[in-house]
Amino acid sequence: MIKLQNVNKYFFKGEPREVHALRDINLSIEAGEFTLFGGSSGCGKTTLLNIIGALDSCDSGKIYLQDKEIGSLDEESRTTLRLNELGFVFQAYNLIPVLNVEENIGFVMRLRGFSDKEIKQRVLEVATLLEIDNKLKSLPNALSGGQQQRVAVARAVAAKPKIILADEPTANLDSNNSKILMNMMRELNEKEGVSILFASHDELIMESVRRIVTLNDGAIVDDNEM
Amino acid sequence: MYKLILKLAWKNSFLRRSRTLLVIIMIAVSMSMMLAIEGIYDGMVENMVDKNKRSDSGDISIFAKEYRINKDLAYMIKNADEIKAQIENMQGAQAVVLRVKAEGLLSTARKSSFASVVGIDLQAEERFGKFSEFLKEGSIDLQKQGAIVGIELAKTLKVGVGSKVVFSTQDIRGEINSIALYVRAIVQTTNISLDNSAIFIDINQLHKFLGTDSKNAMQIAIRGEDKELYGKLKIAFANLDVKSFLELQPMIKQMQDLMIIFNSVTFLIVMGVVFIGIFGVMYVSILDRVREFGIMISVGMHYKYIRLQIFLESIVIGVLGYLSGAVLGAVLLTYLEHYGIDLSAFSDALATWGYEAVIYATIKVSYFTTTLGAIMAASIFSVIIPLRKIKKLNPIEVIKAEK
């Protein structure tokens, strides 16, 4: 499903402060995986997630998504790819403040041109699964951190992407909310068959995932199936 | 999709309600003031044009070929009454009058002044230009050697209603003749030359006094705004001097041009203010939401939709400002159209330029349509610079920055 071949990424290339963020990354991720990119801060896990998510480009190597090379796509095509194939969950929730929960969850679906009926049905389905169906008309600022993160997950999953990329999704949550969120994401992975890739050093996530890819100084140093 | 963008634009327009309302009020107030100024400027000129047409030249005037160069009794239009009847039957001619004019000296027992006697048919003049509306004092009556005097001439000679004056001029035979006249009324036409020097008497009496043929006249004045009428008259009376209003009144044409410049300058200043107002609000609003736009891009929203959303936000503010300004402006213009603006304190100065002391505004649909177009343009152009910031936005930077 996702294949990375000799991927290298530099920051400030050619400058004295050059950073080799990813070193010769070779990686395969199959459909339905529940995988964590782990490692210490600054090891390159978020950069790897961003490159897989077509949010960033690599300096060398190839990235394949469904056998299609995505490393050389222009900005417009990368946006289309993100819209149609990927879902994102960010550390800081990043909901749209003027839209209510229902509209936030249906946001990506609207961008993809789903009908009103499809959106309404799917939003309710996902919101029920994530236990926020009683908050559909609330604005994000009226929700707790845990509820906001569940809305963010619901937004990511509602349009049925093939892969969800979650960068430190539990960083702003307490342990109880983190557990609830991880249980829900695992349920989504199992019920919806969606691949979920995490970038985190949260032990709770490490305990929940089925595969951990450990990075150190931009290189993969360990790859374990749990 | 477009419903979502419209919803986002609408909600974001009121995200900072007081800031948005302040800009809407600013647009509304400046626009309504601009509309009032436009209406007053146009009203001043149109009033002047209207009074000049009604009191003197009409939309078109016809003279004998040499008359405007040499105002001699010899240069009269022959058989003017037949020509008048012919013109009255032409399509587009609404009213036609004949006038006889002679220059001479108007005297009282103590003072005298240059004057131009105008022989008119009161009933025809009423149909032509509602002559009675120019009345300032007395009653409109030319019976029994009655005369109507221009307001400035009356001031010069210090005459009032009931005064006796003597008008002296050379008749058709070259003899100097005088006629005693009784001032029955004083009129103010705001036509500078008439107010300064005209004395109106009955046309038949003037013919008799001058010894001229009653079928002849110096001027045939025509009301009728049909553009083709001028061309038809030019062809039909090629042996006469056919002149349009603006040909006869080049100063009014200049005045119209000057008012267009005044209006354009006012318009540009107000639109500049509107542009800066919308630009300020949109710039701050967009900078406040850079992270939001970054997230939208990262989840797959194309830049073109964000651009559309921002344009719509700007247009929402512009349109609301426009609607408030249009309502306020319409109310203000309607008031000024009915009650006018009283500038009596400057009446002497205004009279010198041919303006009345009370100036009434004009309302034109074009004020509103042009302003709408300009506000739309200002709304669109004001977000171009903020949009460039969003176009350069790298979602990665936004996501990194939030951590």
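Quick notes on this structure:
- Charged-residue dipole, Cβ positions (Lys, Arg, Asp, Glu), chain A about Cα centre, Debye nearest 20: 540 debye
- Averaging Cα coordinates gives a centre for the range B:57-115 and one for the range A:25-41; these two points are 101 Å apart.
- Across peptide B:300-309, the average count of Cβ atoms from other chains found within 10 Å of a residue's Cβ is 4.
- When each full DSSP H helix of chain B is screened for a Cα extent of at least 20 Å along its own axis and an average Kyte-Doolittle hydropathy of at least 0.0, the helices passing are B:17-52, B:250-288, B:303-339, B:365-382.
- Amide H within-cut-off set for B:GLN219, under 5 Å, with H built and near neighbours excluded: B:ARG99
- FRET efficiency for the pair B:VAL284 and A:ALA31, taken as 1/(1 + (r/R0)^6) with r the Cβ-Cβ distance and R0 = 30 Å, rounds to 0.10.
- Equivalent ellipsoid dimensions for the range B:93-205 as semi-axes, Å, which come from the Cα gyration tensor, largest first: 21, 17, 12
- Restricting the GluC sites (Glu not before Pro) of the range A:92-139 to loop positions (DSSP other than H, G, I, E, B) with no more than 16 neighbouring Cβ atoms within 10 Å leaves A:GLU131.
- Lysine pairs in the range A:1-147 whose alpha-carbon atoms fall under 18 angstrom of each other, counting only those eight or more residues apart or on distinct chains, come to 9.
- Each label point was placed 7 Å from the Cα along the Cα-to-Cβ direction; for B:LYS215 and B:ASN177 their separation is 2.0 nm.
- Calculated diffusion of the range B:29-138, Stokes-Einstein form, Kirkwood radius summed over Cα pairs, 37 °C and 0.692 mPa s, µm²/s: 192 µm²/s
- Mean separation of Cα contacts under 8 Å, 6 or more apart, over the residue count of the range B:60-224: relative contact order %: 35 percent
- With contributions of -39500 (n - 2.57) from each DSSP H run of at least four residues, the per-residue ellipticity at 222 nm computed over the protein assembly as shown stands at -15500 deg cm²/dmol.
- Other residues within the sphere of radius under 12 Å centred on the Cβ of B:ASP141, judged by their own Cβ, net out at +1 (K and R +1, D and E -1).
- Principal semi-axes of the equivalent ellipsoid, √(5λ) from the alpha carbon gyration tensor of chain B, are 64, 22, 15 Å from largest down.
- Computed from the C-beta positions of A:TYR64 and B:ASN394 and an R0 of 25 Å, the FRET efficiency is 0.60 to the nearest 0.05.
- Spacing of the modelled spin labels on A:ALA219 and A:THR80, each 7 Å from Cα toward Cβ, amounts to 3.9 nm.
- Around B:SER382: net Lys/Arg minus Asp/Glu count, Cβ-Cβ under 14 Å: +2
- Normalised by the number of residues in the range A:2-225, the average gap of Cα pairs under 8 Å and 6 or more apart makes the relative contact order 30 percent.
- Relative contact order of chain B, pairs being alpha-carbon contacts under 8 Å that are 6 or more residues apart, as %: 27 percent
- Taking every Cα-Cα distance in chain A and sorting them into 5 Å bins starting at zero, the pair-distance distribution P(r) comes out as 1, 7, 15, 19, 19, 16, 12, 7, 3, 1, 0, 0 percent.
- A:LEU55, B:LEU268 arranged by Cβ crowding within 10 Å, fewest neighbours leading: B:LEU268, A:LEU55
- 18 Å reach of a label modelled at A:GLN5, 7 Å along Cα-to-Cβ, counting backbone N of the range A:14-42: A:23-30
- When the P(r) of the protein assembly as shown is calculated, the portion above 36 Å amounts to 59% of the C-alpha pairs.
- Two-site FRET efficiency, B:GLU337 against B:GLN94, from Cβ-Cβ distance with R₀ of 25 Å, rounded to 0.05: 0.60
- In a DSSP loop and with at most 13 other Cβ atoms within 10 Å, the GluC sites (Glu not before Pro) in the range B:136-230 are B:GLU175, B:GLU225.
Bear in mind these aren't lab numbers, they're just calculated from the coordinates by the rules spelled out. Model, not experiment: these values are computed from the prediction. For neighbour counting, all protein chains shown are included, and Cβ atoms are generated from backbone atoms with ideal geometry for every residue, glycine included.
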